[in-house]
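Structure first, commentary second.
The values are calculated or read from the model by the stated rules, or taken from the named source; none is laboratory data. This structure is a prediction, so every number in the text was calculated from the model and none was measured. No Cβ is skipped: glycine too gets one built from the backbone with ideal geometry, and neighbour counts run over all protein chains shown.
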Amino acid sequence: MIPLEWMPPLMFGGLIAFMLVGFPVAFSLMAAALFFSVIAISEGFFGIPFLQAIPQRIFGSVLANDLLLAIPFFTLMGALLERCGLAEEMLDSMGQLFGRVRGGLGYSVIIVGFILGAITGTVAAQVIAMAMISLPVMMRYGYNMRYATGVLAASGTITQLVPPSLVLIVLADQLKTQSGSADVGSMYLGAWLPSLLQIGLFALYTFFLSRIRPDYLPAVPESDLTLKGWQLWKKCLLGIIPSAVLIFLVLGTIMMGIATPTESGAMGAMGALLLAWLRRASIPNLKGLIQEAYQNTMRITAMVIFILIGSTCFSVVFQGVDGGLWVENLFSNMPGGWVGFLIAVNLLVFFLAFFLDFFEIAFIIVPMLAPVAVKLLSPVLLDSMNGNPQAAASAALVWFGVMLCVNIQTSFMHPPFGFALFYLRGVAPKEVKSSDIYWGALPWVGLQLIMVAVVIAFPALVTTLLDKPAAVVQSLEFNFISEENKTDTPANKVDEDAPVMFQLDKPVK
């Protein structure tokens with residue numbers, strides 16, 4: 001006889017065992033769910049009819065979920081922009097613009113990484129494109145190898161936080177509870193200030209390093225800066241204006257309420273197709289580029305959907321053995337209250353990111369933690385949401401989601417399994433040592449963890465741009481009735497002699 005309280009941790013252990021055997025994560029989730037559902041049925045924790053919830057959840061939450069249609073659109077947009085030449089022009093023009101100052105090439109990589117993050121949403125495309133273009137230039141001008149590889153990898157991962165990040169879309173889909181939910185528009189608004197602050201933190205690190213070790217980040221010689229004056233600004237604008245148009249098509253339409261995330265993703269994909277067609281002269285094989293983009297989109301979308309179906313199976317069985325209650329008791333009773341909860345969750349996500357992709361973390365871990373986050377974080381934001389409990393619950397989920405998004409960035413950076421480091425190693429010249437790539441990533445992982453601490457300490461950084469609801473009102477009833485009518489009128493009589501009731505509203509202080 002297996003006690004019910006043992007089942008949730010046993011399910012996690014079983015999931016790890018299936019993955020260690022070598023099963024793909026999606027099929028490991030399904031296998032663990034089916035294996036432990038047999039045990040749960042045999043032990044009488046739930047009956048066979050309970051498993052009917054699995055196909056219902058798959059069709060209702062996955063196949064009929066319109067929000068998930070945004071994923072292939074944004075993936076297609078990023079795949080098209082990866083090779084249309086836009087990154088090359090922006091890196092060249094920004095390098096010419098900032099090259100005169102120490103660390104100028106680093107500043108240009110950070111700024112272009114931010115702009116590309118706002119229009120592509122894919123780490124692989126960004127890291128590969130910028131590394132192929134900027135790393136040889138940095139090596140030619142004598143930049144420190146560890147700084148050069150670190151700034152390229154970190155600027156590529158910023159796309160996980162800058163809207164329209166795929167991570168934010170997936171988290172918005174998973175952060176749903178009975179008390180509130182985090183929609184995509186709110187996640188985008190909440191992520192803007194942290195993403196800008198992170199870019200500022202990267203630039204500040206570059207500035208101090210250029211002052212402490214000027215030989216690490218030398219300026220580009222004036223003789224090598226071929227563009228000046230209006231010609232330089234013209235080239236900068238030719239890269240920035242198309243990017244600004246795409247950013248408006250994707251983000252502006254959502255924030256102005258013109259389009260849903262799926263519709264804005266479709267407009268972004270069409271804008272990327274149009275941009276690739278306009279730049280066809282610099283693309284050797286436009287048709288081949290579009291076909292490859294379709295194939296990459298199909299592959300990534302299929303992977304996401306299979307993981308989501310597997311996580312749905314796992315989640316249903318996990319809830320059937322009171323897994324949600326187990327997770328709530330585990331994290332609600334941690335020392336330090338909500339601060340202790342956030343520290344524990346971020347440590348858990350940081351270490352899981354050594355082994356799991358952000359999709360897997362979002363689909364497996366986040367739905368279990370969302371109810372606990374609402375319970376512990378809503379009171380913290382209640383005053384800033386004008387005392388509205390529902391608004392505080394939704395804002396708490398947005399705060400929690402953006403904080404996780406900042407943390408998940410490290411999954412691409414920390415050795416030895418950071419995918420951004422693998423991408424960088426794949427395109428870096430042979431003279432670049434793997435040890436330089438790994439050691440170069442560590443300061444930037446530290447900066448990302450500092451950002452996690454900042455978001456925990458200052459929730460207003462996320463909630464400032466969110467819509468603030470009107471103050472909650474409480475009703476005060478005034479009964480205008482004379483004493484003689486009060487004595488003569490029966491309590492249960494409802495007629496023309498009934499007292500006149502007036503209701504006045506006032507804000508809760």
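With respect to the conditions (1) part of a helix (DSSP H, G or I); (2) at pLDDT below 80; (3) over 23 Å from GLY22 (Cα atoms), PRO335 falls short on a single one, namely (1).
Within the bounds of the stretch 263-285, is there any residue that is out of contact with any helix residue (DSSP H, G or I) (no Cβ under 8 Å at 6 or more places or on another chain), part of a helix (DSSP H, G or I) and polar (S, T, N, Q)? Among the residues of the stretch 263-285, at least one is out of contact with any helix residue (DSSP H, G or I) (no Cβ under 8 Å at 6 or more places or on another chain), part of a helix (DSSP H, G or I) and polar (S, T, N, Q), which makes the answer yes. GLY121 satisfies every condition listed in (1) surrounded by 21 or more Cβ atoms within 10 Å (Cβ to Cβ); (2) modelled with pLDDT under 80; (3) on the phi < 0 side of the Ramachandran plot except (3). Looking only at the stretch 18-37, which residues are closer than 17 Å to ILE307 by Cα, in a helix (DSSP H, G or I) and of a type in the set (Gly, Ala, Ser)? ALA26, SER28, ALA31, ALA32, ALA33, listed by residue number. Applying the criterion of being hydroxyl-bearing (Ser, Thr, Tyr) and within 25 Å of PRO9 (Cα to Cα) to the residues of the stretch 294-312, the residue that is modelled with the highest pLDDT is THR312. When the stretch 441-460 is filtered for residues that are more than 16 Å from GLN409 (Cβ to Cβ) and part of a helix (DSSP H, G or I), the ones remaining, listed by number, are ALA457, ALA460.
Going through the stretch 271-297 one residue at a time, which ones are hydrophobic (A, V, I, L, M, F, W, C), free of Cβ contacts under 8 Å to residues at least 12 places away in the same chain and within 14 Å of MET77 (Cα to Cα)? Answer for the stretch 271-297, where residues must be hydrophobic (A, V, I, L, M, F, W, C), free of Cβ contacts under 8 Å to residues at least 12 places away in the same chain and within 14 Å of MET77 (Cα to Cα): LEU274, TRP277.
The condition (being under 24 Å from the mean Cα position of the chain (by Cα), under 18 Å from VAL452 (Cβ atoms) and part of a helix (DSSP H, G or I)) is satisfied by just one residue among ALA362, ALA293: ALA362.
Checked against (1) more than 30 Å from PHE422 (Cα to Cα); (2) in a loop (DSSP other than H, G, I, E, B), PHE354 meets all criteria but (1).
Within the stretch 38-68, if we keep just the residues that are within 28 Å of the chain's Cα centre (by Cα) and in a loop (DSSP other than H, G, I, E, B), the residue that is modelled with the highest pLDDT turns out to be ALA64. Remark: MET130 falls outside the filter, which requires a residue to be at pLDDT 80 or above and farther than 30 Å from ASP467 by Cα. ILE307 - would you say it is over 19 Å from PRO371 (Cα atoms), of a type outside the set (Ser, Thr, Tyr) and crowded, with 18+ Cβ neighbours inside 10 Å? The answer is yes for ILE307.
What residue, among those in the stretch 177-223 that are in a loop (DSSP other than H, G, I, E, B) and β-branched (Val, Ile, Thr), is farthest from the chain's Cα centre (by Cα)? Break it down into steps so the answer makes sense when it comes.
Taking the stretch 177-223 first, the residues in a loop (DSSP other than H, G, I, E, B) are 177-180, 182-183, 213-221.
Retained after the next criterion (residues that are β-branched (Val, Ile, Thr)): 177, 220.
Values: THR177: 18, VAL220: 36 Å.
So, considering only residues that are in a loop (DSSP other than H, G, I, E, B) and β-branched (Val, Ile, Thr), the one farthest from the chain's Cα centre (by Cα) is VAL220.
Screening the stretch 313-335 for residues that are over 26 Å from the mean Cα position of the chain (by Cα) and not hydrophobic (A, V, I, L, M, F, W, C) and picking the one that is farthest from PHE12 (Cα to Cα) gives PRO335.
VAL366: under 27 Å from GLY180 (Cα atoms) and either at pLDDT 80 or above or surrounded by fewer than 18 Cβ atoms within 10 Å (Cβ to Cβ) (or both), yes or no? Show your work before the answer.
Values: under 27 Å from GLY180 (Cα atoms): yes; either at pLDDT 80 or above or surrounded by fewer than 18 Cβ atoms within 10 Å (Cβ to Cβ) (or both): yes.
So VAL366 fits the description; yes.
State yes or no: is ALA471 in contact with a Pro (Cβ under 6 Å, 6 or more places away or on another chain) and either surrounded by fewer than 23 Cβ atoms within 10 Å (Cβ to Cβ) or modelled with pLDDT of 90 or more (or both)? In short, yes.
Report whether or not PHE18 is free of Cβ contacts under 8 Å to residues at least 40 places away in the same chain and either acidic (Asp, Glu) or surrounded by 18 or more Cβ atoms within 10 Å (Cβ to Cβ) (or both). Show your work before the answer.
Values: free of Cβ contacts under 8 Å to residues at least 40 places away in the same chain: yes; either acidic (Asp, Glu) or surrounded by 18 or more Cβ atoms within 10 Å (Cβ to Cβ) (or both): yes.
Taking the combined requirement at face value, the residue satisfies it.
TYR205 meets each of the listed conditions (1) modelled with pLDDT under 80; (2) surrounded by 12 or more Cβ atoms within 10 Å (Cβ to Cβ); (3) closer than 30 Å to GLN448 by Cα apart from (1). Taken over the stretch 346-361, residues that are surrounded by 22 or more Cβ atoms within 10 Å (Cβ to Cβ) and modelled with pLDDT of 80 or more amount to 1. Hey, among the residues in the stretch 1-17 that are assigned to a loop (DSSP other than H, G, I, E, B) and aliphatic (A, V, I, L, M), which one's nearest to the chain's Cα centre (by Cα)? Here the answer is ILE2.
Residues GLY142, GLY103: which one is buried (at least 24 other Cβ atoms within 10 Å of the Cβ) and either within 21 Å of ARG213 (Cα to Cα) or modelled with pLDDT under 80 (or both)? Let's see the steps before the verdict.
Values: GLY142 fails: buried (at least 24 other Cβ atoms within 10 Å of the Cβ).
The unique qualifying residue is GLY103.
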